[in-house]
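**Student:** Before I ask anything, let me first share the structure, which is written out below as structure tokens.
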Amino acid sequence: MQLNYRKLGESGQPIIIMHGLFGMSDNWLTISKEFASVNQVYILDLRNHGQSPHSEEFSYQLMANDLAEFIVQNDLKNSIIMGHSMGGKVAMQFAIDHSKLFDKLIVVDIAPKFYQVHHTSILQGLDAINLQTVESRTEANEILKRFEANEGVRQFLLKNLYRNPEKGHLDWRMNLKVLTREIANIGGEITSNQVINSRILFITGSESSYVLAEDKISILQLFPNAVFETIEGAGHWVQADKPKEFVETVSKFIAN
């Protein structure tokens, strides 16, 4: 699958960044500029997200294969792969399936474990927005308020709204139908029969509950060379909550 992407920086070791569920490459633009002075940075839209193609097929294996295809097509050598949340699970699956295609891996605030579905109210809220009649993001935000209290989360979700010239009304960039259908699989566990010895950094936010102390045991069983960094005061969106500390942590790992 031909993924949509943004490129920043002209030289240096490539960094490939993957967003989380309901996200897109735009979410990582500010952080990417920090790395672009010394690295080539590629920010991807994963399948069924952003401006990448929509597909009825959706799994971590397929998204890992999409990434492998992207690396080969763009002749990227020695890449650093970084993924947040769902994108972090894609990165882990990629490490299992394509261990020769990268140098280092950075996984942001996610473990390989199974996660219970916890986006039900968000999906209900997105579904409640009638794209045929809603005229603006402001109007959509008022509807979404009934389902999601956090303004930051609502604005993140509503970035997906755009005016589709072909349909003549607002539309979702993401493939909401498929993401809703596959929501349980998105929480699925990443497993392997063999250990992956690649160098991997797991970054977590101290205020996030996505990666618990006991998860480190199962992470090290799968990735024995994993190292862990916790960024104080950050929640699940570590890179948005503490951008300076996040960039410093990533840069230090890349340099070592």
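The values are calculated or read from the model by the stated rules, or taken from the named source; none is laboratory data. Model, not experiment: these values are computed from the prediction. All Cβ positions, even for glycine, are placed from backbone atoms using ideal geometry, and neighbour counts span all protein chains on display. What goes into the accessible areas is simple: the full protein's heavy atoms, side chains included, and nothing from ligands, DNA or RNA. Shrake-Rupley method; radii C 1.70, N 1.55, O 1.52, S 1.80 Å.
**Student:** I'd like to know how the stretch 1-113 sits against the 2.2 N^0.38 Å rule of thumb: what's its Cα Rg over that expected value?
**Tutor:** My calculation over the Cα atoms of the stretch 1-113 gives 0.95.
**Student:** Could you work out the Rg to Rh ratio of the chain, with Rh taken as the Kirkwood radius (inverse of the mean 1/r over all Cα pairs)?
**Tutor:** With Rg and the Kirkwood Rh in hand, the quotient comes to 0.95.
**Student:** Right, next: Carbon and sulfur together cover what percent of the accessible area of the chain at a 1.4 Å probe radius?
**Tutor:** The C+S portion of the solvent-accessible surface of the chain is 47 percent.
**Student:** Hey, another quick one. Given a Förster radius of 30 Å and the C-beta distance between residue 247 and residue 150 as r, what FRET efficiency does 1/(1 + (r/R0)^6) yield to the nearest 0.05?
**Tutor:** It comes to 0.80.
**Student:** Rank 42, 162 by accessible area, highest first, at a 1.4 Å probe radius?
**Tutor:** Values: 42 10, 162 55 Å².
Solvent-accessible surface, decreasing: 162, 42.
**Student:** Further question on the same structure: Taking just the alpha-carbon atoms of the stretch 96-168, what radius of gyration and Dmax come out, in angstrom?
**Tutor:** Over the stretch 96-168's Cα set, Rg and Dmax evaluate to 17.5, 49 Å.
**Student:** Determine the percent antiparallel among the DSSP beta bridges restricted to the chain, to the nearest 5.
**Tutor:** That works out to approximately 25 percent antiparallel.
**Student:** Rounded to the nearest whole Å², what accessible area per residue is found for the chain with the 1.4 Å probe?
**Tutor:** On the way: 11780 Å² over 256 residues.
I get 46 Å² per residue for the chain.
**Student:** Another question about this same structure. In the calculated pair distance distribution of the stretch 97-221, what percentage of Cα-Cα distances lie above 17 Å? Before the final figure, lay out the partial values.
**Tutor:** On the way: 5273 of 7750 pairs.
Result for the distance tail: 68 percent.
**Student:** Would you tell me the accessible area of residue 216, worked out with a 1.4 angstrom probe on the heavy atoms of the protein chains, in Å² to the nearest 10?
**Tutor:** That residue has around 70 Å² of solvent-accessible surface.
**Student:** Another question about this same structure. Restricting to bridges with both residues inside the stretch 94-234, how much of the DSSP beta-bridge set is antiparallel, in percent to the nearest 5?
**Tutor:** Rounded to the nearest five, the antiparallel share is 25 percent.
**Student:** Straight-line reach from residue 113: which lysines fall under 30 Å, measuring Cα to Cα and dropping same-chain residues less than 8 apart?
**Tutor:** The reachable lysines, counting only those whose Cα sits under 30 Å from residue 113, are 77, 89, 100, 104, 159, 177, 216, 242, 244, 252.
**Student:** Describe numerically, in nm with one decimal, the distance between label points set 7 Å from Cα along Cα→Cβ at residue 217 and at residue 130.
**Tutor:** Modelled inter-label distance: 5.3 nm.
**Student:** Return the Rg/Rh value of the stretch 164-249, two decimal places, where both radii are evaluated on C-alpha atoms and Rh is the Kirkwood radius.
**Tutor:** A ratio of 1.11.
**Student:** Moving on. Probe radius 1.4 Å, ligands and nucleic acids left out: which of 62, 161 has the largest accessible area, and how do the rest follow?
**Tutor:** Order by accessible area, largest first: 62, 161.
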